[in-house]
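Asks: For reference, the structure I am asking about is given below.
The values are calculated or read from the model by the stated rules, or taken from the named source; none is laboratory data. Computed from a prediction, not measured in an experiment: that's the story for all the values here. Don't worry about glycine lacking a Cβ; one is built from the backbone with ideal geometry, like all the others, and counts go over all protein chains shown.
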Ligand code: SF4
Ligand code: SF4
């Protein structure tokens, strides 16, 4: 697959987002007075997959181990800079106000970070003219032409792995232990800004001191306990039937988190 691309500076990719951030970027984002939300999803992990299962390896490296009842699980935590409308850093001329310090994901867009997702111009916010054949080559034979962007993607994936212990510590500090079933939705936690800033500082300092080693619990007894929630009763029943802790999210009820489901609620 060959794709040509040139940014038109339309600014669409800087609006209405939950922008994935590394722990260091989240610290800077909150430090600038902006909102960071914590998205959590959980994967049932009854046994370690085969070594040649690359998709599982990808999920494993960006998650941490937990128990849900008697079911082993992996928890994926995504820190996001959240904003409705324009990004708080977007200037009136559609230029980035923190260009030199902008997050990795902004530098990489519209390329894909996930190695299992193919770049599809139709799924991007860029206008059709940004993809006009004859512009700068972006992909050749399905591979990124630009070595700088390829390097940034590697940095982003490495940060995903390196940040997992700090994210585990962050959730422990904030008392966050609820996640959606992966591929069914996300649980969105929105701690108060000052509380989040203090917890992020503490979690990243702890992870830096230990290199993450002390934060990785070696036995199932020491693993953090997490609960799965779903807006679909059948999902909760299935999870509970395999020993997990599950709870149904009533769309009309009040919860200390937001449930962002990909499917309609079903009681
Ligand atoms: S940080 Fe800059 S590049 Fe990223 S979304 Fe905001 S304005 Fe756009
Ligand atoms: S949406 Fe695409 S074309 Fe528009 S500013 Fe973002 S990267 Fe550039």
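Asks: Going residue by residue through segment 21-38, is there one that turns out to be within 16 Å of ligand 2 (Cβ to nearest atom), closer than 28 Å to residue 256 by Cα and in a strand (DSSP E or B)?
Replies: Among the residues of segment 21-38, not one is within 16 Å of ligand 2 (Cβ to nearest atom), closer than 28 Å to residue 256 by Cα and in a strand (DSSP E or B), which makes the answer no.
Asks: Among the numbered criteria (1) within 30 Å of residue 228 (Cα to Cα); (2) touching a helix residue (DSSP H, G or I) at 6+ places or on another chain (Cβ under 8 Å); (3) part of a helix (DSSP H, G or I), which one does residue 149 miss?
Replies: (1)
Asks: May I ask you to list pairs of residues, at least six apart or on different chains, whose Cβ atoms are under 8 Å apart, with the first in segment 5-18 being farther than 21 Å from residue 79 by Cα and within 8 Å of ligand 1 (Cβ to nearest atom) and the second being at pLDDT 95 or above and assigned to a strand (DSSP E or B)?
Replies: Going by the 8 Å Cβ cut-off, the qualifying pairs are 11/86; 11/90.
Asks: Turning to a different aspect of this structure: Might you let me know whether segment 137-146 holds any residue that is within 16 Å of ligand 1 (Cβ to nearest atom), free of Cβ contacts under 8 Å to residues at least 12 places away in the same chain and over 30 Å from residue 66 (Cβ atoms)? If you could, list the steps in order and put the result at the bottom.
Replies: Step one: of segment 137-146, the residues within 16 Å of ligand 1 (Cβ to nearest atom) are none.
Checked segment 137-146: no residue is within 16 Å of ligand 1 (Cβ to nearest atom), free of Cβ contacts under 8 Å to residues at least 12 places away in the same chain and over 30 Å from residue 66 (Cβ atoms).
Asks: On to the next question. Check 90, 79 and return the single one that is within 16 Å of ligand 1 (Cβ to nearest atom) and surrounded by fewer than 19 Cβ atoms within 10 Å (Cβ to Cβ).
Replies: 90
Asks: So is residue 8 part of a loop (DSSP other than H, G, I, E, B) and within 19 Å of residue 125 (Cα to Cα) or not?
Replies: Working: part of a loop (DSSP other than H, G, I, E, B): yes; within 19 Å of residue 125 (Cα to Cα): yes.
So residue 8 passes the test.
Asks: Also, I was wondering about something else. Within segment 95-116, can you find the residues that are assigned to a loop (DSSP other than H, G, I, E, B), near ligand 1 (Cβ under 7 Å from one of its atoms) and touching a strand residue (DSSP E or B) at 6+ places or on another chain (Cβ under 9 Å)?
Replies: Of everything in segment 95-116, those that are assigned to a loop (DSSP other than H, G, I, E, B), near ligand 1 (Cβ under 7 Å from one of its atoms) and touching a strand residue (DSSP E or B) at 6+ places or on another chain (Cβ under 9 Å) turn out to be 97, 102, 103.
Asks: Suppose the filter is part of a strand (DSSP E or B), more than 12 Å from ligand 1 (Cβ to nearest atom) and without any contact (Cβ under 8 Å) to a residue 40 or more places away in the chain; does residue 74 pass it? Don't jump to the end; show me each part of the working.
Replies: Values: part of a strand (DSSP E or B): yes; more than 12 Å from ligand 1 (Cβ to nearest atom): yes; without any contact (Cβ under 8 Å) to a residue 40 or more places away in the chain: yes.
So residue 74 fits the description; yes.
Asks: Another question about this same structure. Can you spot a residue in segment 117-130 that is under 30 Å from residue 44 (Cβ atoms), within 16 Å of ligand 2 (Cβ to nearest atom) and either free of Cβ contacts under 8 Å to residues at least 12 places away in the same chain or loosely packed, with under 11 Cβ neighbours inside 10 Å (or both)?
Replies: Yes.
Asks: Please state which of the following conditions residue 105 fails to meet, knowing it meets all the rest: (1) farther than 30 Å from residue 223 by Cβ; (2) surrounded by 13 or more Cβ atoms within 10 Å (Cβ to Cβ); (3) at pLDDT 95 or above; (4) within 14 Å of ligand 2 (Cβ to nearest atom).
Replies: The failed condition is (1).
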